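Chemist: There's a structure below that I have some questions on.
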Amino acid sequence: MIKVNENYNKLNDSYLFFKIAEKVAEYQKQYPDYDIIKLGIGDVTRALPKACIKAFHQGVDDMADDATFHGYGPSQGYDFLRDKIAVEDFQKNGIDISGDEIFVSDGSKCDTGNFQELFADDITIAIPDPVYPVYLDTNVMAGRTGEFKDGRYQGIVYMDSTKENNFIPEKPDKPVDLIYMCFPNNPTGTTISKSELGQWVEYARETKALILYDAAYEAFVRDENIPRSIFEIKGAKEVAVEFRSFSKTAGFTGTRCAYTIIPKQCMVFDRQNNQISVHSLWNRRQSTKFNGVSYPVQKAAEAVFSTEGRAQAKELISYYLGNAEIIRRAMIHLGFDCVGGEHSPYVWVDGKGRDSWAFFDLLLSKAQVVCTPGSGFGRCGEGYIRISAFNSREKVEQAISRIREALK
Ligand code: PLP
């Protein structure tokens, strides 16, 4: 008899955004004429940079001619893109990463979710709270946790990120093997300083742990003192893997292209304490389970690094950052404590004693604005909401004036 993976039974509730979508659909059914403004899910709303569209078209045209047609590409990505990323994102910033240390994929969601497959079942995992749910849920599915009780999975070491520690996760209070981090953070929108990140790298080196560093929002960092990559920290290459994505950098959420950086000196250990290269493990995994990103999409992604592409992508980011600034200022003006929104598209708003879903319901019913309840990202998110800056300027301004009216 076919048996289910019972770890799926442990998964807490439905996926957060699914539950939000259900609530919004129900509300819209009740009030079909209401114009609901969505500042919930972190999905971009503006068109791809023109330079990317041009390259995308060229890529499609290449597929129409036998002489330039591309069949299966390398699972790791085409060299033209891997080398460009290595030079433009790293080498030009003085970071020694080579093209063959870059693995191109169809998304950081898959990469951050799949990466745990490389490690033993009985490792100890440290996960920030609040957190992008993918890190946690994929480890639940893999059977690395106990049951969900009192808002937490047993067996996970949670690292609280709260007002008290400026939303920088606390070091684990017991030894851990795998540490997930995300900066600029989703959901809080906060950043980490070089010295704080340096302490984490030091910690991982001392304890022989591995850091999975999600930098999906690095392009929103506007201050050169704030690290955009963990590899800006000396010694990180031995103990960290970094995830980046074109999704938020250049509007590729529906186009799908991301990349994972695995330095060759990054090692994990077998039961006899022999060193095993993470690069070769991931290479083996991807060669077996992944057949690469489509050629036209990789051509479009390459164009992000052209002079025009860079300027156009920067304009997109500035636009969303402008929205974030409007949201942040307005919420502060309304008397809420907020973080994020300065080097991030997310503003994390303290609901002043309201619980997260109550605040969500209030904004939906009184302002027809959708946000994300902070509690959906973990126990420490209770009492907060996340407001996303991904929408048109007009909609953001409209949402803010409705929120002002609703909370008067
Ligand atoms: N990592 C974080 C922190 C995210 O917030 C998201 C998407 O919202 C992703 C990864 C997924 O990115 P991608 O579109 O590349 O799958």
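The values are calculated or read from the model by the stated rules, or taken from the named source; none is laboratory data. Predicted model, so just to flag it, every value in this text is computed and none were measured. No Cβ is skipped: glycine too gets one built from the backbone with ideal geometry, and neighbour counts run over all protein chains shown. Calculation scope for accessible area: heavy atoms of the full protein, side chains included, ligands and nucleic acids excluded. Shrake-Rupley method; radii C 1.70, N 1.55, O 1.52, S 1.80 Å.
Chemist: What percentage of the solvent-accessible surface of segment 109-230, computed with a 1.4 Å probe over protein heavy atoms, is contributed by carbon and sulfur atoms? Please report the intermediate quantities before stating the final value.
Modeler: Working: 2030 of 4630 Å².
Of the solvent-accessible surface of segment 109-230, carbon and sulfur hold 44 percent.
Chemist: Find out how many positive minus negative residues lie around residue 394, taking Lys and Arg as positive, Asp and Glu as negative, among other residues whose Cβ is under 13 Å from that of residue 394. Provide the component values of the computation, followed by the final result.
Modeler: Working: positive: 46, 393, 395, 402; negative: 35, 397.
Combined, the nearby Lys, Arg, Asp and Glu give +2.
Chemist: Of all beta bridges DSSP finds with both residues in the chain, what is the antiparallel percent, to the nearest 5?
Modeler: Numbers: 23 of 40 bridges.
Approximately 60 percent, going by the DSSP bridge assignments.
Chemist: Follow-up. Using a 1.4 Å probe over the heavy atoms of the protein chains, calculate the carbon and sulfur portion of the accessible area of segment 300-407 as a whole percent. Kindly include the intermediate steps, with their values, before the conclusion.
Modeler: Working: 1960 of 3990 Å².
Here carbon and sulfur together make up 49 percent of the probe-accessible area.
Chemist: Output the relative contact order of the chain, whole-number percent, from Cα pairs under 8 angstrom with separation of 6+ residues. If you can, show how the numbers build up before the last one.
Modeler: Numbers: 780 pairs, mean separation 92.1, N = 408.
For the chain, the relative contact order is 23 percent.
Chemist: Reachable lysines from residue 395, Cα under 17 Å, same-chain residues fewer than 8 places away excluded?
Modeler: 38, 366
Chemist: Report, in listed order, any pair from 23/109; 84/208; 29/50; 84/264; 109/174 with a Cα-Cα distance greater than 26 Å. Show your work: numbers first, answer last.
Modeler: Working: 23/109 24 Å; 84/208 31 Å; 29/50 37 Å; 84/264 18 Å; 109/174 28 Å.
Pairs exceeding the cut-off: 84/208; 29/50; 109/174.
Chemist: Over segment 304-388, with the other protein chains present, what is the accessible area per residue in square angstrom, probe 1.4 angstrom?
Modeler: Details: 3040 Å² over 85 residues.
About 36 Å² of surface per residue is accessible.
Chemist: Can you give me the C-alpha center-to-center distance between segment 97-150 and segment 335-389, rounded to a whole angstrom?
Modeler: 25 Å
Chemist: Roughly how many Å² is the accessible area per residue of segment 145-204, as a whole number, for a 1.4 Å probe?
Modeler: Working: 2530 Å² over 60 residues.
For segment 145-204, the per-residue accessible area is 42 Å².
Chemist: Under a point-charge model restricted to the Cβ atoms of Lys and Arg (+1) and Asp and Glu (-1), what is the dipole moment magnitude of segment 25-180 relative to its Cα centre, in debye to the nearest 20? Could the numbers behind the result be given before it?
Modeler: On the way: 15 positive and 29 negative charges, 101 e Å.
For segment 25-180, the charge dipole is close to 480 debye.
Chemist: Please work out whether segment 125-247 counts as rounded, prolate or oblate from its C-alpha gyration tensor, where a ≥ b ≥ c are the square roots of the eigenvalues and a/c under 1.5 means rounded, while otherwise a/b larger than b/c means prolate and anything else oblate? Present the calculation step by step, with values, prior to reporting the outcome.
Modeler: Details: a/c = 1.63, a/b = 1.40, b/c = 1.16.
Prolate, since a/c reaches 1.5 and a/b exceeds b/c.
Chemist: Here's another thing I want to ask about it. Rounded, prolate or oblate: which one fits segment 276-354, using the alpha carbon gyration tensor with axes a ≥ b ≥ c (rounded when a/c is under 1.5, else prolate when a/b beats b/c, else oblate)? Please report the intermediate quantities before stating the final value.
Modeler: Values: a/c = 3.96, a/b = 1.75, b/c = 2.26.
Note, shape of segment 276-354 comes out oblate.
Chemist: Let me ask you something else. Quick check: from the Cα gyration tensor, does segment 1-156 come out rounded (a/c under 1.5), prolate or oblate?
Modeler: Values: a/c = 2.02, a/b = 1.31, b/c = 1.54.
Oblate, because a/c is 1.5 or more while a/b does not exceed b/c.
Chemist: In a Gaussian network model over the chain where Cα atoms closer than 10 Å are linked, find which of 327, 226, 276 has the largest mean-square fluctuation.
Modeler: So, out of 327, 226, 276, the one fluctuating most is 276.
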